[in-house]
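These notes are about the structure you will find just below.
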Amino acid sequence: KKGSTLYLFNYHDIDYSTKAEIDIPGWKGTSKLPMKSEIFLARRSAKAIPIDVFIDSKRILLYTLGEILGMNSKDKSLKLDLSVGGPFELRMKSPKPRQVLVNGSAMDFKYENKVLFIQSKFDPSVINIEFVY
């Protein structure tokens, strides 16, 4: 009821990029994750993809390709610390933010039907995303 985690493992000695098709309770039909890019798995690595994570009464993280390391939710902002690397997507049911900051710099985002969408690519690192409402 508070969310799920999709675990992907790459046991091979080469890097892989893939998409996942899964049935998520409450979503219509089979869903493809991510919707626009692919999931990058470095050789001999694993990734934990959070799905349908309840943040508060106004926000639900539908999915992100970054692994959540920390979260701080306030009335006028939401901060996420994420471990990222390669293609990145984030979808969240949310009020429309005034601004999205990645490590303090403004980032472009799309917003329609009460869903926020971010897409980018990052070198392997830990990033901080702040949604300012």
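The values are calculated or read from the model by the stated rules, or taken from the named source; none is laboratory data. In this text the structure is predicted, and so the values were computed from the model without any measurement. Virtual Cβ from ideal backbone geometry, glycine too; neighbours counted across all protein chains shown. For accessibility, only protein heavy atoms count, side chains too; no ligands or nucleic acids. Shrake-Rupley method; radii C 1.70, N 1.55, O 1.52, S 1.80 Å.
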Residue hits (the range 5-25; out of contact with any strand residue (DSSP E or B) (no Cβ under 7 Å at 6 or more places or on another chain) and of a type in the set (Val, Ile, Thr)) are Ile14
Residues in the range 1-51 that are closer than 20 Å to Val84 by Cβ and among the acidic types (Asp, Glu): how many? 2
Looking at Leu62, Leu41, Leu80, Leu90, which is the one that is touching a strand residue (DSSP E or B) at 6+ places or on another chain (Cβ under 6 Å) and more than 19 Å from Ser125 (Cβ to Cβ)? Leu62
Quick check on the range 13-21. Is at least one of its residues touching a residue at least 40 places away in the same chain (Cβ under 8 Å), out of contact with any Cys (no Cβ under 6 Å at 6 or more places or on another chain) and either over 29 Å from Lys74 (Cβ atoms) or assigned to a strand (DSSP E or B) (or both)? yes
Filtering the range 104-133 down to residues that are more than 13 Å from Phe88 (Cβ to Cβ) and among the hydrophobic types (A, V, I, L, M, F, W, C) yields Ala106, Val115, Leu116, Phe131, Val132
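Of everything in the range 1-46, what is among the basic types (Lys, Arg) and modelled with pLDDT under 90? Give them in sequence order.
Of everything in the range 1-46, those that are among the basic types (Lys, Arg) and modelled with pLDDT under 90 turn out to be Lys1, Lys2, Lys19, Lys28, Lys32, Lys36.
Take the residues of the range 88-127 that are small (Gly, Ala, Ser) and out of contact with any Asp or Glu (no Cβ under 9 Å at 6 or more places or on another chain): which is farthest from Asp56 (Cα to Cα)?
Of the range 88-127, the ones small (Gly, Ala, Ser) are 94, 104-106, 120, 125.
Narrowing the set further to residues that are out of contact with any Asp or Glu (no Cβ under 9 Å at 6 or more places or on another chain) leaves 94, 105-106, 125.
Working: Ser94: 10, Ser105: 25, Ala106: 24, Ser125: 27 Å.
Only one residue fits best here, namely Ser125.
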Just one of Ser57, Ser94 is crowded, with 18+ Cβ neighbours inside 10 Å, farther than 20 Å from Thr18 by Cα, without any contact (Cβ under 8 Å) to a residue 40 or more places away in the chain and among the hydroxyl-bearing types (Ser, Thr, Tyr); which is it? Ser94
Given (1) within 26 Å of Val132 (Cα to Cα); (2) within 15 Å of the chain's Cα centre (by Cα); (3) open to solvent by 40 Å² or more (accessible area, probe 1.4 Å), number of the condition Asn72 does not satisfy: (2)
So Lys32 ticks every box in (1) among the basic types (Lys, Arg); (2) open to solvent by 60 Å² or more (accessible area, probe 1.4 Å); (3) touching a residue at least 24 places away in the same chain (Cβ under 8 Å); (4) assigned to a strand (DSSP E or B) but one. Which box is left unticked? (3)
How about the range 57-97: which strands (runs of 3 or more DSSP E) wholly inside it have at least 3 residues that are within 23 Å of Tyr7 (Cα to Cα) and charged (D, E, K, R)? 77-93
